[in-house]
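Worksheet: the structure to be examined is printed underneath.
The values are calculated or read from the model by the stated rules, or taken from the named source; none is laboratory data. Fair warning: this is a prediction, and the values are worked out from it, not measured in the lab. A quick note on method: Cβ atoms are made from the backbone with ideal geometry, for glycine too, and the neighbour counts reach across all protein chains shown.
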Number of protein chains: 2
Amino acid sequence: MAVVKPSLAKGTRDFSPSEMIKRNYIFDTLKTVFRKYGYNEIQTPSFENLTTLTGKYGDEGDKLIFKILNSGDYLAKAPDNLLHDKNSNKLIPHISEKALRYDLTVPFARYVVMHQNDITLPFKRFQVQPVWRADRPQRGRYREFYQCDVDVVGSESLLNEAEFILIYQEAFERFGLKDFNIKINNRKILSGIAEIIGKPELIVDMTVAIDKLDKIGLEGVNKELLERGFTEADLAILKPIILLEGSNDEKLFSLKTILATSAVGLNGIAEIEEVFDYVSKLGAEEKLLNQIIDLDITLARGLNYYTGCIFEVKTNEVAMGSIGGGGRYDDLTGMFGLKGLTGVGVSFGADRIYDVLEELELFPIGKADSTKLLIINFDKQLESYTLNLLNKLRKENIASELYASPVKLKKQMGYADGKGIPYVLLVGDEEATSGQLSLKDMEIGEQIKVTESELIQKLR
Amino acid sequence: MAVVKPSLAKGTRDFSPSEMIKRNYIFDTLKTVFRKYGYNEIQTPSFENLTTLTGKYGDEGDKLIFKILNSGDYLAKAPDNLLHDKNSNKLIPHISEKALRYDLTVPFARYVVMHQNDITLPFKRFQVQPVWRADRPQRGRYREFYQCDVDVVGSESLLNEAEFILIYQEAFERFGLKDFNIKINNRKILSGIAEIIGKPELIVDMTVAIDKLDKIGLEGVNKELLERGFTEADLAILKPIILLEGSNDEKLFSLKTILATSAVGLNGIAEIEEVFDYVSKLGAEEKLLNQIIDLDITLARGLNYYTGCIFEVKTNEVAMGSIGGGGRYDDLTGMFGLKGLTGVGVSFGADRIYDVLEELELFPIGKADSTKLLIINFDKQLESYTLNLLNKLRKENIASELYASPVKLKKQMGYADGKGIPYVLLVGDEEATSGQLSLKDMEIGEQIKVTESELIQKLR
């Protein structure tokens with residue numbers, strides 16, 4: 001067996017114990033909040049039949065799906081002409097029938113359709129699993145990353161939208177974020193705007209352009225709108241809409257006038273109002289309704305997909321893209337033949353949340369999940385005593401270790417240090433006889449004498 | 001977009017909410033025990049460079065590794081002759097550079113070598129992640145399944161072996177298993193036996209044959225030994241060893257006589273004795289030492305790999321293969337150029353444990369992770385009241401839901417039932433006015449009147 005110098009596959013990461021503690025903190029917090037609002041966990045397989053995934057993400061997306069080579073003599077039935085022409089693209093379905101999950105949405109749609117006779121609608125599920133994309137790796141972009149999705153299908157009620165706002169608020173407040181915005185918009189308002197301009201067919205061009213307001217400013221947006229088929233007259237109508245300011249209520253008030261002639265636009269406004277009403281009835285404080293929630297007409301997310309309310313969350317404490325987003329869609333399962341099932345859902349960007357919490361030093365200290373106490377191993381003769389003590393500690397469910405062999409003290413202390421163990425117990429002959437054990441607090445460096453029961457009391 | 005009738009990829013599974021609760025119960029229990037003994041979690045990527053995995057699992061194993069097709073124009077640089085000859089095997093490295101994890105051991109070895117400057121030895125890690133194998137799917141064998149591995153590298157101390165026995169005991173007792181055996185053997189005892197027969201080179205043939213004692217009986221084992229190059233005289237020496245009976249102490253006593261002339265054999269016995277001594281000092285009851293632990297000379301697991309103690313766990317309550325196994329290995333990281341690092345570890349068979357707990361009805365009832373209360377939605381007019389109550393419940397971290405729209409009572413009750421929600425609250429005009437709410441216990445069907453604070457008290 002030749003020796004291989006080990007390396008990671010491009011765009012993938014190992015997670016060390018201290019990273020796992022932080023990642024688990026994020027996932028566990030999210031799952032706790034999801035469950036509190038009645039969402040249950042499901043998992044789907046890492047790979048799906050290629051036909052399940054192909055065509056769902058556009059041509060560019062299809063290219064980014066990782067395909068799995070068939071096992072065995074996979075070339076046996078491959079057409080000679082495709083091999084001869086080296087036609088990589090057309091050969092794929094002949095040598096690959098499976099592919100890695102690209103997101104959690106399509107597998108969820110498949111799940112709902114396949115299990116439609118077993119599940120009770122409305123079906124409220126969350127899913128926290130890795131997905132894989134053959135993107136070019138770069139800072140903050142990986143080929144394997146976790147998605148955290150929470151969706152309900154089979155319920156038209158806007159109470160669901162309101163609860164997603166509360167889920168966002170509760171999750172980010174649990175993480176300790178102090179200043180963030182939950183942006184909300186509605187696809188129907190965007191349709192209304194395109195309608196009053198008289199160019200409903202240009203809605204995608206319009207939203208793609210105004211979505212860039214933050215980055216390129218009004219002038220840039222106008223330039224792009226002109227390039228995309230709008231006239232100066234259109235820009236005059238659009239300007240006050242794009243630059244809409246004030247409180248959410250003020251914006252809604254203005255929009256009602258602006259969109260007075262558009263039925264779909266007014267419908268979108270009414271939906272937003274109903275969501276706000278639900279949020280309010282659910283006991284929201286002023287801060288949520290007037291500061292955290294931000295009605296943003298320039299917000300556009302996956303317009304081919306979303307049909308009602310859309311959401312996006314941004315933190316104002318760190319320069320970072322959106323840390324969450326989602327919305328309502330009306331035909332998730334249509335791609336698998338189950339029509340007319342409406343749904344709404346949001347997702348959390350776990351990797352970005354990790355970076356935000358790291359930068360703001362918001363991860364809880366204490367490494368609660370890790371060993372609390374290391375007992376130093378001075379002498380094999382003392383093991384009868386120390387192992388007995390170890391047993392007593394573990395009976396109290398205190399995560400603890402005896403260093404497994406009596407090596408030099410420095411090495412054992414280095415082990416406790418490297419592993420972030422908060423307490424070290426030094427038991428020599430004298431301590432074992434007197435019952436007065438030396439306990440060192442690794443954080444502050446202080447050493448005190450404790451009895452066994454005091455030790456257990458302190459660590460429990 | 002053509003409609004595809006959805007199906008699962010062969011050998012893969014979806015996990016429903018109720019299955020996830022049970023699976024999480026297993027994983028969480030194991031992780032809690034691992035942490036208590038000082039083990040920390042790591043995760044490695046789902047795919048590795050193909051060269052990292054190839055050649056580590058034998059020729060048969062290599063065939064079962066799922067290879068990932070390169071992205072883009074993957075055929076561009078493929079040799080024409082291999083394409084022309086349809087040489088599936090030789091073409092692989094030209095069109096695939098990545099592959100799905102086949103087990104957690106090789107990625108762990110890679111991790112240790114790559115991070116050797118960051119980790120503190122001894123390094124105690126656990127890893128609970130899926131692995132993928134292109135096996136032919138059959139009952140109980142899947143192409144995607146979880147492995148739960150816990151290992152320590154960089155410590156020769158047999159205290160580690162003893163603690164793995166305690167980890168097995170604690171985990172399986174937490175699961176509620178009442179009758180199981182932790183079998184132990186030592187590779188050195190097997191070497192000693194082959195040595196005293198004078199055929200050390202036949203150790204693998206010998207162990208493969210005697211490993212089958214349970215299945216084919218002594219006669220079958222003898223037949224196979226003769227076929228594999230042993231003589232009748234060898235069988236006469238082997239017979240009392242294979243049929244060794246009595247308590248663990250009695251077996252050890254007999255083995256000392258039988259292996260008196262084999263240094264390696266006596267070494268193996270001494271190791272087992274030291275492990276037992278540690279187990280005893282760690283406060284083990286009689287039952288563990290004399291009933292649960294079973295010194296089994298016929299036990300052989302991956303002999304090319306293990307070098308010291310080997311373990312296997314079987315339940316006696318359900319007909320089922322081993323539900324755990326492991327042992328000591330002396331050269332895990334040698335394949336990646338880091339020599340002389342000893343390690344020991346065990347793993348848990350999560351899928352089999354699931355089936356055992358299901359059959360013995362040992363999964364905790366109560367679905368603690370799921371919604372505790374559904375509030376029936378009788379009338380949109382009542383939502384001010386019910387949403388306010390919902391908010392109070394959630395403030396107490398009680399997982400609860402209001403049915404999102406006022407549909408027929410039967411449908412709402414069916415939702416609670418399908419989701420396994422234990423309590424349903426019926427709030428009509430009268431209840432909202434009087435503050436006397438009707439709470440239905442879905443399990444026993446009983447309905448009682450409660451005030452808001454009584455409700456919170458009951459569910460908290």
- Flag for A:Tyr39 being more than 7 Å from every other protein chain (Cβ to nearest Cβ), touching a Ser or Thr at 6+ places or on another chain (Cβ under 9 Å) and under 30 Å from A:Ser370 (Cβ atoms): yes
- Counting only residues that are surrounded by 14 or more Cβ atoms within 10 Å (Cβ to Cβ), among the charged types (D, E, K, R) and under 21 Å from B:Ser384 (Cβ atoms), how many does the stretch B:412-451 have? 1
- Got at least one residue in the stretch A:286-305 being surrounded by fewer than 16 Cβ atoms within 10 Å (Cβ to Cβ), part of a helix (DSSP H, G or I) and in contact with a Leu (Cβ under 9 Å, 6 or more places away or on another chain)? no
- On the given criteria, is A:Ser96 farther than 23 Å from B:Trp132 by Cβ and among the hydroxyl-bearing types (Ser, Thr, Tyr)? no
- Query: What tally of residues in the stretch B:337-370 results from selecting those that are assigned by TED's automatic domain parsing to the domain that holds B:Gly326, outside any helix (DSSP H, G or I) and of a type in the set (Val, Ile, Thr)?
  - Reply: 3
- Qualifying residues in the stretch A:389-411 (those that are out of contact with any Asp or Glu (no Cβ under 9 Å at 6 or more places or on another chain), surrounded by fewer than 21 Cβ atoms within 10 Å (Cβ to Cβ) and not in a loop (DSSP other than H, G, I, E, B)) - the one nearest to the other protein chains (Cβ to nearest Cβ): A:Asn391
- A careful count of residues in the stretch B:48-59 that are closer than 28 Å to B:Thr120 by Cβ and at the interface with another protein chain (Cβ under 8 Å from one of its Cβ atoms) gives 4
- Task: Report yes if B:Thr29 is more than 30 Å from A:Leu393 (Cβ to Cβ) and of a type in the set (S, T, N, Q), otherwise no.
- Result: no
- Message: Suppose we filter the stretch A:193-224 for residues that are surrounded by fewer than 18 Cβ atoms within 10 Å (Cβ to Cβ) and among the small types (Gly, Ala, Ser); how many remain?
- Response: 3
- Task: Would you confirm whether any residue within the stretch A:134-143 is at pLDDT below 95 and polar (S, T, N, Q)?
- Result: yes
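Among the candidates A:Glu358, A:Glu454, single out the residue that is more than 14 Å from chain B (Cβ to nearest Cβ), within 30 Å of A:Val128 (Cβ to Cβ), modelled with pLDDT of 95 or more and out of contact with any Gly (no Cβ under 7 Å at 6 or more places or on another chain).
On the way: A:Glu454 fails: within 30 Å of A:Val128 (Cβ to Cβ).
One residue alone meets the criteria, A:Glu358.
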- Would you check which residues across the stretch A:183-240 are without any contact (Cβ under 8 Å) to a residue 24 or more places away in the chain and of a type in the set (Ser, Thr, Tyr) and list them? A:Thr231
- Item | Boolean, B:Leu75 is in contact with a helix residue (DSSP H, G or I) (Cβ under 9 Å, 6 or more places away or on another chain), within 7 Å of another protein chain (Cβ to nearest Cβ), without any contact (Cβ under 8 Å) to a residue 24 or more places away in the chain and not in a loop (DSSP other than H, G, I, E, B) | no
- Taking the condition more than 18 Å from the chain's Cα centre (by Cα), more than 27 Å from A:Leu266 (Cβ to Cβ) and among the polar types (S, T, N, Q), does A:Thr307 pass? no
- Looking for whichever is of a type outside the set (Asp, Glu) and assigned to a strand (DSSP E or B) here; the options are A:Ile184, A:Ile193. Which one fits? A:Ile184
- Which residues, counting only those in the stretch B:66-101, are crowded, with 22+ Cβ neighbours inside 10 Å and either under 28 Å from B:Tyr305 (Cα atoms) or assigned by TED's automatic domain parsing to the domain that holds B:Glu144 (or both)? B:Phe66, B:Lys67, B:Ile68, B:Lys98, B:Ala99, B:Leu100, B:Arg101
- Task: From (1) touching a Lys or Arg at 6+ places or on another chain (Cβ under 8 Å); (2) modelled with pLDDT of 95 or more, pick out the condition that doesn't hold for A:Lys408.
- Result: (1)
- Note on the structure: The residue that is surrounded by the fewest Cβ atoms within 10 Å (Cβ to Cβ), considering only those in the stretch A:53-65 that are among the aliphatic types (A, V, I, L, M) and in contact with a helix residue (DSSP H, G or I) (Cβ under 7 Å, 6 or more places away or on another chain), is A:Ile65
- Checked A:Asp151, A:Asp103 against criteria (in a loop (DSSP other than H, G, I, E, B) and more than 10 Å from every other protein chain (Cβ to nearest Cβ)); the one match is A:Asp103
- Within the stretch A:263-279, is there a residue that is in contact (Cβ under 8 Å) with a residue 60 or more places away in the chain, within 30 Å of A:Tyr146 (Cβ to Cβ) and either assigned to a strand (DSSP E or B) or out of contact with any Cys (no Cβ under 9 Å at 6 or more places or on another chain) (or both)? yes
- Item | Failed item in (1) assigned by TED's automatic domain parsing to the domain that holds B:Val131; (2) more than 22 Å from the chain's Cα centre (by Cα); (3) assigned to a helix (DSSP H, G or I), with B:Gln381 passing the rest | (1)
- Task: Collect the residues in the stretch A:214-242 that are of a type in the set (A, V, I, L, M, F, W, C) and in a helix (DSSP H, G or I), keeping them in residue-number order.
- Result: A:Ile216, A:Leu218, A:Val221, A:Leu225, A:Leu226, A:Ala233, A:Leu235, A:Ala236, A:Ile237, A:Leu238, A:Ile241, A:Ile242
- Considering only residues of the stretch B:114-127 that are under 23 Å from B:Lys98 (Cβ atoms) and surrounded by fewer than 21 Cβ atoms within 10 Å (Cβ to Cβ), which is farthest from the other protein chains (Cβ to nearest Cβ)? B:His115
- Message: Please verify whether B:Lys5 is within 7 Å of chain A (Cβ to nearest Cβ) and surrounded by fewer than 18 Cβ atoms within 10 Å (Cβ to Cβ), treating the condition exactly as stated.
- Response: yes
- Query: Here is a list of conditions, (1) of a type outside the set (A, V, I, L, M); (2) in contact with a Leu (Cβ under 8 Å, 6 or more places away or on another chain); (3) facing another protein chain (nearest Cβ under 8 Å); (4) more than 20 Å from B:Tyr142 (Cα to Cα), and B:Lys90 meets all of them except one; can you say which number that is?
  - Reply: (3)
- Please go through the stretch A:428-451 and pick out each residue that is in a loop (DSSP other than H, G, I, E, B) and within 14 Å of chain B (Cβ to nearest Cβ). A:Met442
- With (1) at pLDDT 95 or above; (2) buried (at least 18 other Cβ atoms within 10 Å of the Cβ); (3) more than 7 Å from chain A (Cβ to nearest Cβ) as the list, and B:Thr32 as the residue in question, which single condition is left unmet? (2)
- Looking at (1) touching a helix residue (DSSP H, G or I) at 6+ places or on another chain (Cβ under 6 Å); (2) at the interface with chain A (Cβ under 10 Å from one of its Cβ atoms); (3) under 22 Å from B:Pro45 (Cα atoms), find the lone condition where B:Leu159 falls short. (3)
